[in-house]
Amino acid sequence: MAEKTFNLQIISPTRVFFNEAVDMVEMKTTEGEIGVLAGHIPLTTILEPCVMRIHNDGEIKKAAILGGFVEILQERVTVLAEDAQWPD
């Protein structure tokens, strides 16, 4: 059976902003909005400034991402963000 979670790591120039297992992540790329689940096809793309929605156990966390790059692999997603902040 396929794993339903994957590791999401969000890295800014000054710190590791987020590093946890999640169910899904939604973000805006230069090609449009994208939702990523475990087992997604490999993809590398450019992020636009957006509010990233991080889904985990029925809870949604929102993070402001200034822009950057994202690497999507089947077992993990790595975001290299220019800046990342929680709304509070």
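Number of residues in the range 55-82 that are aliphatic (A, V, I, L, M) and assigned to a loop (DSSP other than H, G, I, E, B): the value is 2. How many residues, within the range 1-34, are modelled with pLDDT of 95 or more, among the aliphatic types (A, V, I, L, M) and assigned to a loop (DSSP other than H, G, I, E, B)? Selection size over the range 1-34: 0.
Residues in the range 54-68 that are surrounded by 15 or more Cβ atoms within 10 Å (Cβ to Cβ) and hydrophobic (A, V, I, L, M, F, W, C): Ile54, Ala63, Ile65.
Contact map, the range 42-56: first residue over 10 Å from Thr29 (Cβ atoms) and free of Cβ contacts under 8 Å to residues at least 24 places away in the same chain, second residue part of a strand (DSSP E or B) and open to solvent by 40 Å² or more (accessible area, probe 1.4 Å), Cβ cut-off under 7 Å, separation 6 or more or different chains; pairs are Val51/Lys62; Val51/Ala64. Here Val77, Val51 are screened, and the one residue that is β-branched (Val, Ile, Thr) and surrounded by 14 or more Cβ atoms within 10 Å (Cβ to Cβ) is Val77.
The values are calculated or read from the model by the stated rules, or taken from the named source; none is laboratory data. As the structure is a prediction and not an experimental result, all values here were calculated from the model. Ideal geometry is used to build each Cβ from the backbone, glycine not excepted, and the neighbour counts take in all protein chains shown. What goes into the accessible areas is simple: the full protein's heavy atoms, side chains included, and nothing from ligands, DNA or RNA. Shrake-Rupley method; radii C 1.70, N 1.55, O 1.52, S 1.80 Å.
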